[in-house]
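Asker: First the structure, which I've put down as structure tokens, then a few questions once you've had a look.
The values are calculated or read from the model by the stated rules, or taken from the named source; none is laboratory data. Worth saying up front: this structure is predicted, and the values here are computed from it rather than measured. Cβ: placed from backbone, ideal geometry, glycine included. Neighbour counts: every protein chain shown. The accessibility values were calculated without ligands, DNA or RNA, using every heavy atom of the protein model including side chains. Shrake-Rupley method; radii C 1.70, N 1.55, O 1.52, S 1.80 Å.
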Amino acid sequence: MQFHVKEGQCESMKVDLIAMPYFEMTHRIKGKASLPRALRGIDSKMHGELSKQISSEDFKGEKNTSFLIFTAGLVEARYILLFGMGAAGDAELNSYREFAGNVASVAASIKAKSAAIHLGKENKDIISESKLRVISEGIILGSYDFKKYKTDDTSKVTRIEKVTYIYDKGDAKTDAAIDSGKIVAEAKCFARDLVNSPGSDLTPKVLASYAKRISAKGKLACSVWNMTKLKTEKMGGMIAVTKGSAEPPAFIKIVYKPKSRAKGHIVLVGKGITFDAGGISLKPPRGMEKMKNDMAGGAAVMGAMQAISYLKPNVEVTALIPAAENMPDGKALKPGDVIKIKNGKTVEIISTDAEGRLVLADALSIASKMKPNAIVDLATLTGGAVYCCGELYSLVVGSDQKLIDRLIKSSKHAGEPMWQLPFVEEYKKGYTSGIADLNNSGKSRAQTILGAIFLNEFVDEKIPWAHLDIAASAWTDEPLPTSPKGGTGVMVSTLVDFVMNWSRNL
Ligand code: BES
Ligand code: MN
Ligand code: ZN
């Protein structure tokens, strides 16, 4: 997708679609809907039909409403779209991202290949470059579709190829803003591709090959540990989970180092279960097909690393992705088995379906040994996550409030909602085991908090740590403003913002 910034009038735009954010009240005169000044030229060429329609529909610009009109050859542009933003004062940066996502959907429905977006001077508190950044991000995200497995050409939708911002003269600053939006959106689409890929095609080995590919392209260091290495490293969590699978496991490490002296070191850990059948504690069949998304944490981390390789923050970032399949088999891990995690702690298996915490325990032990300034892990860890705040929210639990506050702030910038759950010390005793140091299932109905409490046992308490449960938000069954059904790529944008702002005092 190509983006251009230029000065100009709407009436001279030769595009399929002109889109414009439309603020409630701003365009109302004496309580009646009125035409934005930028569209007056078009309106007169259309013999006043545009303004007539706006008032007869009484289009108010309420949030998430829209007005679309066909120009019937009277002007250069084929369609005009006004998108309701609500009151000008309320519009957050993210509403521009969602505006752009909606523009992409409308564009697809009218088979538009080119669009011009008119950015008026409303809502001046939002700096203009940021608007260009998030709109570029939103258009790419809203245009995403996973077509790899479609053979029928008619099921392939026409996508926008060219976007023109009617704004001001473009310069280095506007170019940089558009580029960073593009980089983040493409990284998020990459994460979506990984999540949407079937489990039999996206095995741990294939996930590792993608890690190598993005590392080679972005000049990152990448290494992959195989089963032999997992054994010498005594990674009992990974070995236990992968035992029932015919697919070899992969422990993926990707490292980004800034050219100048690094202002700290962050480790990102992402759960990489490429398919979670539950193991011997087999999951029920209904909805099991979605368990190909159990590597969404790993995908988010890989997406973030791709973006980081282009955006070059001044902090060192290490990504760890423990990748394996969780399958039932004659050789599979059994309930009642006792395993030993990398840090030496023993775990009695109650449910083989609580496998994510086992592979993450190994990864967090390794992350802790690196003595970084922060560890953030991401995982589709608990089915219970959806009952906390529903499908739109990622949940954060951790040991360090400053780190959590940074992540929440970044999630706001990113338009990826996040909510903090408490770390309830009292639930720790549910993890006692008669024969081992811990059991792997705990005792409370607060599954998401329990997940974090287990993981905390494998993190060096001196290192700020936060756990993000994305089991609810990594997948959507309903289309969202910037995502179709399927993998959402959630947290790529948050992680990138978090890493880019790390060295700033917030
Ligand atoms: N991958 C699942 C969690 C999950 C469920 C993600 C539904 C997305 C949608 C995880 O491995 C799991 O099975 N968790 C168990 C933990 C329990 C056995 C302690 C769960 O949530 O039921
Ligand atoms: Mn499971
Ligand atoms: Zn799982």
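Asker: Which aspartates and glutamates, on any chain, are close to residue 462 with Cα under 13 Å apart, when same-chain ones fewer than 8 places away are left out?
Answerer: Result set, ordered by chain and number: 400.
Asker: Let me ask you something else. Ratio of region 410-467's C-alpha Rg to 2.2 N^0.38 Å, to two decimals?
Answerer: Working: Rg = 13.8 Å, N = 58, 2.2 N^0.38 = 10.3 Å.
With N residues counted in region 410-467, Rg over 2.2 N^0.38 Å equals 1.34.
Asker: Could you tell me which of the pairs 111/148; 162/263; 169/485; 131/259; 147/334; 231/371 are separated by over 31 angstrom between their Cα atoms in the structure shown?
Answerer: Values: 111/148 20 Å; 162/263 38 Å; 169/485 37 Å; 131/259 29 Å; 147/334 39 Å; 231/371 23 Å.
Check vs 31 Å cut-off fails for 162/263; 169/485; 147/334.
Asker: Over the Cα atoms of region 2-170, what radius of gyration and what Dmax do you get, in Å?
Answerer: For region 2-170, the Cα radius of gyration and maximum Cα-Cα distance read 15.7, 54 Å.
Asker: OK, next. Rounded to whole Hz and in sequence order, give me ³J(HN,Hα) for region 355-371 from the Karplus expression 6.51 cos²θ - 1.76 cosθ + 1.60, θ = phi - 60°, writing x for Gly and Pro.
Answerer: Result, rounded to whole Hz: 8, x, 5, 6, 6, 5, 4, 4, 5, 5, 4, 5, 4, 4, 5, 6, 6.
Asker: Where the accessible area of region 357-506 is counted over protein heavy atoms with a 1.4 Å probe, how much of it, in %, is carbon and sulfur?
Answerer: Taking all protein chains in place, region 357-506 shows 51 percent carbon and sulfur surface.
Asker: On to the next question. Give me the aspartates and glutamates in straight-line cross-link reach of residue 342: C-alpha distance below 18 Å, same-chain residues under 8 apart excluded.
Answerer: Partners within reach: 233, 355, 362, 377, 437, 457, 460, 461.
Asker: Under 20 Å Cα-Cα from residue 6, which aspartates and glutamates qualify once same-chain neighbours fewer than 8 residues away are excluded?
Answerer: Correct list for residue 6: 16, 76, 122, 129, 137, 161, 168, 171, 175, 179.
Asker: Could I ask something else about it? Considering amide H positions built from the backbone, and no H for Pro or chain starts, which residues 5 or more places from residue 350, or on another chain, come under 5 Å of its amide H?
Answerer: For residue 350, whose amide H was placed from the backbone, the distant partners under 5 Å are 336, 440, 441.
Asker: Tell me, what % of the accessible area of region 2-170 is carbon and sulfur with a 1.4 angstrom probe? Provide the component values of the computation, followed by the final result.
Answerer: Details: 3870 of 8050 Å².
About 48 percent, which is the carbon plus sulfur part of the accessible surface.
Asker: Right, here's the next one. Mind jotting down the three principal axis lengths of region 172-303 based on Cα atoms? Whole angstrom, largest first.
Answerer: 57, 37, 22 Å, listed from the longest principal axis down.
Asker: Can you tell me what percent of all Cα-Cα pairs in the chain are more than 30 Å apart?
Answerer: Working: 62661 of 127765 pairs.
That tail contains 49 percent of the Cα-Cα pairs.
Asker: Can you list the residues, at least 5 places off or on another chain, whose amide H is less than 5 Å from the amide H of residue 471, using H built in the peptide plane?
Answerer: Correct list: 381, 382.
Asker: How large is the accessible surface per residue of the chain, computed with a 1.4 Å probe and reported in Å² as a whole number? Don't jump to the answer; show the numbers that get you there.
Answerer: On the way: 21710 Å² over 506 residues.
Accessible area per residue: 43 Å².
Asker: Sticking with this structure for a sec: For an R0 of 25 angstrom, estimate the FRET efficiency from the Cβ-Cβ distance between residue 44 and residue 65 and round to the nearest 0.05. It would help to have the intermediate numbers written out before the result.
Answerer: Values: r = 25 Å, r/R0 = 1.01.
FRET efficiency, residue 44 to residue 65: 0.50.
Asker: While we're on this one: Return the distance in nm (one decimal) between the two label points of a simple spin-label model at residue 4 and residue 370, each offset 7 Å from Cα along Cα→Cβ.
Answerer: 4.4 nm
Asker: Using the Karplus equation 6.51 cos²θ - 1.76 cosθ + 1.60 (θ = phi - 60°), what ³J(HN,Hα) coupling, rounded to whole Hz, does each residue of region 190-195 give in order, writing x for Gly and Pro?
Answerer: 4, 4, 4, 4, 4, 5
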